[in-house]
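Shown next, in structure tokens, is the structure this report addresses.
The values are calculated or read from the model by the stated rules, or taken from the named source; none is laboratory data. If you're wondering where the values come from, they're calculated on a predicted model, not measured in any experiment. Here the Cβ positions follow ideal geometry from the backbone for every residue, glycine too, while neighbour counts run over all protein chains shown.
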Amino acid sequence: MRITLVINSLGGGGAERVLTRLAGGLARAGHRTDIVTLDPSIPDFYQVPSGVARTAAKAPAGECRWYQLSRQLARMRALRRAASGQGPDLLISFVDATNILTLAAFRGSGVPVIVCEHTDPSMHRIGPHWELLRRLLYPSAARVVMLTEDALRRARSMVPAWNAVAIPNPVPAPVFAPGAARPAFFGPGRNAVAMGRLYDYKGFDLLLRAFAGLAGRFPDWNLTILGEGPERAALETLRSELGLAGRVAMPGASPAPHDALKFADLFVLPSRYEGFGMALAEAMACGVAPVSFDCPSGPGTIIRHGVDGLLVPPGDTGELAEAMASLMGDDAGRKALAARAPEVVERFSEENYLKAWEELIRAVRP
């Protein structure tokens, strides 16, 4: 088939990373695969896989508000022109607002559209007008792909109902650069690491507060937060207010996170909610013991509590701090969890992921 994948950009993020993996897998399976991106102002963070074509739609750059109707219509027209030029048999769109635009742009075209949600829609609010458009347009999708069974149950309860399925993200085996060295920003001693875009829902403020209560008890431990985003200034201010300026590094996004994660002693996911928790899974694949809030929806699927990581009640910074402390002070216990953590690669294999997508494509093909 001729399959076109649509996303706002190939800038850094979990959805963008997964889209490139899906595109590459579809191309290797013999499909003629294209990627169409919308926002020309965001530079690429991920490479286009071999055998995959790339088209940048000539759409208005930058964020586009719902009420900017002329810009929204221009984005829809640019998207339709760019994607239609590939002659697709099927469109696969990633992430809420782009999904809505894709469904609207190809409404009545006869080309089936699969849309992929990468957060839990019951938790992640995109504004009342976008929410309304999502409720109106998602029922017309050939399928709505969720990342976990929990999110799937909530999607199927939407009114009007969504024709939804669950396909968890793949967790690839890590690839390490030859001779990769321990990052300088880790500092001396042991290091706990968190990773993700610096958004409020990622909960890095909760992590800073939890670590502040541990810094005095564990003077040989530091914390590194890998990622970039709009909450950087607020997080840096909070870091200073908590007296952690010399103990918490925020070096930005890493193009090779595995090379940093392999040197981590502990991974922490403090999210208020997730779609899946790709950073968590990647850290486990690198053999790092994790601690995570058991937030909706993903960490409880990825971590087997007490086997390859620890789960704590959502949003409870006291419990998060105690779980971190239990592993920071117990080398043997931490190493036992870390030894089982890489099994996540087999549990969420790319082979199973691509097989699930092939079955879905066969089910919706015209």
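Among the residues of segment 219-246, the ones that are buried (at least 22 other Cβ atoms within 10 Å of the Cβ) and of a type in the set (D, E, K, R) come to 1 in all. Scanning segment 294-318 for residues that are crowded, with 20+ Cβ neighbours inside 10 Å, part of a helix (DSSP H, G or I) and not hydroxyl-bearing (Ser, Thr, Tyr) yields PRO299, ILE302.
Condition check for PHE45 on (1) touching a Leu at 6+ places or on another chain (Cβ under 7 Å); (2) touching a residue at least 60 places away in the same chain (Cβ under 8 Å); (3) not in a loop (DSSP other than H, G, I, E, B): one failure, at (3). Based on this model, can you work out whether GLY179 counts as farther than 30 Å from ALA105 by Cα and at pLDDT 95 or above? So GLY179 does not fit the description; no. Scanning segment 141-180 for residues that are of a type in the set (Lys, Arg) and surrounded by fewer than 16 Cβ atoms within 10 Å (Cβ to Cβ) yields ARG153, ARG156.
Taken over segment 107-140, the residue count meeting the criterion of being within 24 Å of TYR201 (Cβ to Cβ), of a type outside the set (D, E, K, R) and surrounded by 14 or more Cβ atoms within 10 Å (Cβ to Cβ) is 13.
For beta carbons closer than 6 Å, sequence separation of 6+ or different chains, a first residue in segment 14-29 that is within 17 Å of ASP44 (Cα to Cα) and a second that is part of a helix (DSSP H, G or I), the qualifying pairs are GLY14/MET278.
Restricting the search to helices (runs of 4 or more DSSP H) fully inside segment 62-170 and requiring at least 2 residues that are more than 28 Å from ALA285 (Cα to Cα) and in contact with a strand residue (DSSP E or B) (Cβ under 7 Å, 6 or more places away or on another chain) gives 69-84, 96-105, 149-156. Mind checking whether some residue in segment 222-243 is in contact with a Pro (Cβ under 8 Å, 6 or more places away or on another chain) and either among the hydrophobic types (A, V, I, L, M, F, W, C) or outside any strand (DSSP E or B) (or both)? Within segment 222-243 (the criterion being in contact with a Pro (Cβ under 8 Å, 6 or more places away or on another chain) and either among the hydrophobic types (A, V, I, L, M, F, W, C) or outside any strand (DSSP E or B) (or both)), the answer is yes, since at least one residue qualifies.
Counting residues in segment 275-293 that are surrounded by fewer than 17 Cβ atoms within 10 Å (Cβ to Cβ) and on the phi < 0 side of the Ramachandran plot gives zero. Identify the single condition in (1) over 19 Å from LEU269 (Cα atoms); (2) surrounded by fewer than 18 Cβ atoms within 10 Å (Cβ to Cβ) that TRP357 does not satisfy, given that it satisfies every other one. Of everything listed in (1) over 19 Å from LEU269 (Cα atoms); (2) surrounded by fewer than 18 Cβ atoms within 10 Å (Cβ to Cβ), TRP357 misses just condition (2).
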